[in-house]
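The values are calculated or read from the model by the stated rules, or taken from the named source; none is laboratory data. For clarity, every value in this text was computed on a predicted model and none was experimentally measured. In this analysis, Cβ positions are derived from the backbone assuming ideal geometry, glycine residues included, and neighbour counts consider all displayed protein chains.
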Amino acid sequence: MLPEPVLTDRIEQGRRVPVLVWRLDAPLRAISSAPFGGGIGTRRWVVNATVPMSYRRDDPDAHLAELSAGLGLTGPGVGLLTGVDVAEVVTRTDDGVQVWATVGLGAPIWAAADPLATEPVSGTGRPGTVNIVAALPGKLTDAALVNAVLTMTEAKAQALRELDLAATGTATDAVVVLCPSEGPAAPYGGPRSRWGAPLARATRAAVRAGGALPCVPWSTRLGYSE
């Protein structure tokens, strides 16, 4: 099992800003939709970094490269950004599958929106973006990794429905799935597969728990203003 991520911070514009860091003991296979290190490949670390809700940079990949270098991270990794205080990360484990979620539901949307609609879905008051990091005990094929992303997305949507939120997510949600690089590869990652089933359950539980947390912006916790 992966060790829990370390909560640390970095200095940006004279302020301490929180960041979660997973330093992997050994390189793992990964699939991710992250702006930095996305795609399928071998990765050595993951970061999930809080940014202000006023964040306007249009080069998040370059920003995350700078951030990870400042943390002393080397080699290929994955970088995520969120308006959520990553100190509020929620962890759930199911049959060896680990899931960490930072859940921001302040700007929820339907994936297939009416192009003529102008009214946003009513949010929870929490900052936007749901970032989910998952670690599986067994290796998956490339196709099964893609399937695992689908399974996590379906489980997230199920959790939002159970939170009485009329949405499928936010426009900036991202996922990371990690699995061993060695050993026999499971061919499926769907919600009834060996690893997909516990992945779905853990994802649903983590998103439900994170979405129910009270809204306390990171800037308030650290005594800053946006």
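The table that follows gives values for the structure above.
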quantity	calculated
Test: residue in segment 38-52 that is outside any helix (DSSP H, G or I), surrounded by fewer than 16 Cβ atoms within 10 Å (Cβ to Cβ), touching a residue at least 60 places away in the same chain (Cβ under 8 Å) and touching a helix residue (DSSP H, G or I) at 6+ places or on another chain (Cβ under 8 Å)	yes
Filtered residue count, segment 55-70, keeping only those that are among the hydrophobic types (A, V, I, L, M, F, W, C) and surrounded by fewer than 12 Cβ atoms within 10 Å (Cβ to Cβ)	1
Candidate set: segment 156-189, residues that are under 24 Å from Pro27 (Cα atoms) and without any contact (Cβ under 8 Å) to a residue 60 or more places away in the chain; chosen: the one surrounded by the most Cβ atoms within 10 Å (Cβ to Cβ)	Gly189
When residues of segment 1-37 are limited to those that are of a type in the set (Asp, Glu) and in a strand (DSSP E or B), the one modelled with the lowest pLDDT	Glu12
Counted residues, segment 41-60 - those being modelled with pLDDT under 95 and in contact with a strand residue (DSSP E or B) (Cβ under 6 Å, 6 or more places away or on another chain)	3
Whichever residue in segment 82-100 is surrounded by fewer than 20 Cβ atoms within 10 Å (Cβ to Cβ) and small (Gly, Ala, Ser) and, among such residues, is farthest from Ala49 (Cα to Cα)	Gly96
